[in-house]
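The values are calculated or read from the model by the stated rules, or taken from the named source; none is laboratory data. What you see is a predicted model; the values in this text were computed from it and never measured. Here the Cβ is made from the backbone with ideal geometry for all residues, glycine too, and neighbour counts use every protein chain on show. Accessible surface areas use protein heavy atoms only, side chains included; no ligands, DNA or RNA. Shrake-Rupley method; radii C 1.70, N 1.55, O 1.52, S 1.80 Å.
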Amino acid sequence: MSTATAAAGPALRRKPKDDRLLGIAFIIPAGIGLVAFYIWPLIRGIWLSFTEYNLLTPEQFIGLSNYKRMIGDSIFWNAVKVTLEYVLINIGLQTILALVIAVLMQRLTQSTLVRSIVLTPYLVSNVVVAMLWLWILDNTLGISNEIISAITGESVNFFSSALAIPTIALINVWRHVGYTALLIFAGLQSIPETVYEAGKMDGASEWTMFWKITVPLLRPILALVLIMTMIGSFQVFDTVSVTTQGGPVNASRVLQYYIYDMAFGRFQFGYASAMAVGLLIVLAAITILQYRMTRAGETDLD
């Protein structure tokens, strides 16, 4: 064995450098943020749900009284009904439109410019979007009613009792549909082109391939989109706060806005926390159910 080979032997057998301390150093800031802004507020909120607390007096443990009050609160159940109406409209429209846009982008053009344009509304904050559409749809000064009045001679109150929730849902669909479409588009990119070529050789039409190939192979992505959209829909707040403030007559008082009003409007933090915990339990249950029903962790590509 030569001298050079003998010298290189120990170097080749040297143990790899342990990077665990470096990894921990990178994790610590995120861990502190997780504890400070997620875990501790969650624990604090669960505790407050069993108390009566209004910032002015010490917390007083009252057991399940807040939850009993929640069950008998007609405004709470109206907020649940209004929220469910919003969720159904938002999820249905957003998922269908996003799927159509994603398929069109894949089939017609994969231009980066087109994808940027589709994503643009999502880059604008919820508050700005809500203010923009409030000005557009205003009953007296909005440009939409100027056009409608010029054609029909009448104006439309888009934020009336009957139209408030559909209008708010459409506003949020406009903002989020581009982001959802890009998620689905990314899923489409993972489907091998050979699958579609085989379908064409068998004489399948575009419509048949969409239902028999695209939709089944997109199931994990569609499941992810449905779960994300559902969680976001139940937490709608900004648009309602800017446009209707829960009115008229509780017609758009969604659950998240009712919780906010109870906590920071009436300073009933215990009762607001109980409703927030109830919402957390419902969201967790629906998410688990959706995950299992859609088999989100499986794929048909294998």
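Which listed residue (G142, Y86, G270) has the Cα farthest towards the positive end of the charge dipole for region 73-294, taking +1 on Lys and Arg C-beta and -1 on Asp and Glu C-beta about the Cα centre? The residue sitting most towards the positive pole is G270. Each residue, Q245 and M228, gets one label point 7 Å from its Cα in the Cβ direction; the gap between the two is 3.4 nm. Rounded to the nearest Hz, the phi-derived 3J(HN,Hα) couplings of region 78-94 under the Karplus curve 6.51 cos²θ - 1.76 cosθ + 1.60 (θ = phi - 60°) are 5, 5, 5, 5, 4, 5, 5, 4, 4, 4, 5, 5, 5, 5, x, 5, 5, where x marks glycine and proline.
So, counting K/R as plus one and D/E as minus one, what does the shell of residues with Cβ under 15 Å around E59 add up to?
Working: positive: R44; negative: E52.
Around E59, the charge tally is 0.
For I62 and A284, a Förster radius of 25 Å and the Cβ-Cβ distance give a FRET efficiency of 0.55, rounded to the nearest 0.05.
3J(HN,Hα) couplings calculated from phi for region 280-294 with the Karplus curve 6.51 cos²θ - 1.76 cosθ + 1.60 (θ = phi - 60°) are, in sequence order, 4, 5, 4, 5, 5, 5, 5, 4, 4, 4, 4, 4, 6, 5, 8 Hz; Gly and Pro show x.
As a test of the formula, what do you get for the chain when each DSSP H run with n ≥ 4 contributes -39,500 (n - 2.57) and the sum is divided by the residue count, at 222 nm and rounded to the nearest 500 deg cm²/dmol?
Numbers: 15 runs with 198 residues, N = 302.
Helix-only estimate at 222 nm: -21000 deg cm²/dmol.
Take every pair of alpha-carbon atoms less than 8 Å apart whose residues are at least six positions apart; their mean separation over the length of the chain yields a relative contact order of 28 percent.
Phi angles across region 170-177 convert, under the Karplus curve 6.51 cos²θ - 1.76 cosθ + 1.60 with θ = phi - 60°, into 3J(HN,Hα) values of 5, 4, 6, 4, 4, 6, 9, 5 Hz, Gly and Pro given as x. Placing +1 on each Lys and Arg Cβ and -1 on each Asp and Glu Cβ, with no other charges, gives region 15-144 a dipole about its Cα centre of roughly 480 debye.
Overall, the chain carries a charge dipole of about 940 debye about its Cα centre when +1 sits on the Cβ of Lys and Arg and -1 on the Cβ of Asp and Glu, all other atoms neutral.
With every protein chain present, what is the per residue accessible area of the chain (1.4 Å probe, Å²)? Mind showing how you got there, number by number?
On the way: 18160 Å² over 302 residues.
In whole numbers, the chain has 60 Å² accessible per residue.
Solvent-accessible area assigned to carbon and sulfur over the chain amounts to 69 percent, based on a 1.4 Å probe. Ranking W40, I184, S160 by Cα position along the charge dipole of the chain, where only Lys, Arg, Asp and Glu carry charges on their C-beta atoms, puts W40 farthest toward the positive end. Considering only D261, D73, D19, the mean-square fluctuation computed in a Gaussian network model of the chain, springs between alpha carbons under 10 angstrom, is largest for D19. When the chain is treated as a GNM with alpha-carbon contacts under 10 Å, the residue of M228, M70, M209 showing the greatest mean-square fluctuation is M209. Summarising the amide proton neighbourhood of T51: residues at separation of 5 or more, or on other chains, whose placed amide H is nearer than 5 Å comprise I62. Applying 1/(1 + (r/R0)^6) with R0 = 22 Å to the Cβ-Cβ distance of V128 and Q235 gives a FRET efficiency near 0.75.
With both labels modelled 7 Å from their Cα along Cα-to-Cβ, the L183 to L119 distance reads 1.5 nm.
Distance between the modelled labels on R44 and V195, one decimal in nanometres: 4.7 nm (7 Å Cα→Cβ projection). The calculated Kirkwood hydrodynamic radius for region 73-294 is 19.5 Å, given to one decimal from all distinct C-alpha pairs. Structural descriptor for region 224-265: relative contact order 33 percent, calculated from alpha carbon pairs under 8 angstrom and at least 6 residues apart. Result for the chain in a Gaussian network model with C-alpha springs under 10 Å: among T83, T214, T167, the largest mean-square fluctuation is at T214.
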